[in-house]
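Computed from the coordinates by the stated procedures, all read-outs in this text should not be read as laboratory data. None of the values given here were measured: they were computed from a predicted structure.
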Amino acid sequence: MLKSARKKDTRDKDPEGRMPLGEHLRELRNRLAKAVLGIVLVSIAAAFFYKDIIAFFTDPILHAVGCKSSFAELARQESGTCARIVLNGLLTPFTLALKVSLMVGVIGASPIWLYQLWAFIAPGLHQNEKKYARAFVAAGFPLFLGGAFAAYKMLPTMSRVLLDFSPADLDNQLPLDDLLDLITRMVLVFGLSFEMPLLLVMLNLTGVLSGRRMLGWWRGMILGITCFAAIATPSTDPVSMLALAGPIWVLYFGAAAFSVLNDRRKERAEESGPADDEASDLDLTPEDIAGTESVPAGRTMPEQSTGGQDRINGYDDVT
């Protein structure tokens, strides 16, 4: 019974993935339900460990700028700035636990909802578009993780530099919810900035941007990346700026080198011509017609001649 139903469903499916609008909406509803369910399950699991998750993000900052001395000892020190991470409000711990759990749920369940998104749009893509999309996802996720890791390693140095602007012998109180918002923004900015070379490669693969033109922009790109890094990093020290700009410079020149090699490969493929099992390109450019040739028009009604009399349609034409 189930086997026959499966065969019927397989037979009814369009091989090109076409379906009515109602079927599209039902599939979208099912995909969204599975994605939301995955996020909820991961968020519930993260709720049991949200304190450990908060400690994972805040411990490096606290170790870099945390108070380890009493106020009397700090007053006798010539220099030094410390900070305490605090919570403000009665409901803040509960809302913070929900916020952290949901954030971890969205990130942790990313393979689930990314797959559901892919399964929804894949039937409408051509084979080469599917290949490019798989490559984009396969390379984009590690690049995003690399940018997030760079932001995580930079946070202690950035915090120490920012707190050095505080007057001496003062205790800095850092609200935990504001601190987590800052960490989230840093992770997103760094992660998305590492995706820029991948975007350039995709533009080259689709024929929009050539590698030679990409290399011609190197001066402007270095200046633009440097200005972006200076704006994206909250601290004013050059170490944090270079920690963001340096890897993007390397990725940019790597993308340009890949694009140049890909352009050369395309040129060699065009020079060698199509393979034995490939059809040659047709030149469909319209050409001008040199002149027109006159064609005599035939009589609409055939004329038959019998005995000096014209016969039309079998009847004598008597005049």
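Once amide H atoms are built 1.01 Å from N in the peptide plane, which residues 5 or more positions from Leu174, or in another chain, come under 5 Å H to H?
Arg84, Ile85, Val86
Assuming a viscosity of 1.306 mPa s and a temperature of 10 °C, what translational diffusion coefficient in µm² per second does Stokes-Einstein assign to region 143-277, Rh being the Kirkwood radius over Cα pairs?
92
Going by amide H atoms built from the backbone, whose H comes under 5 Å of the H on Leu209, apart from near neighbours?
Asn204
Just how many % of Cα pairs in region 206-257 lie over 19 Å apart, if you round to the nearest whole percent?
For region 206-257, the share of Cα pairs beyond 19 Å comes to 32 percent.
Any idea what the alpha-carbon Rg over 2.2 N^0.38 Å comes to for region 103-201?
So region 103-201 has a normalised radius of gyration of 1.49.
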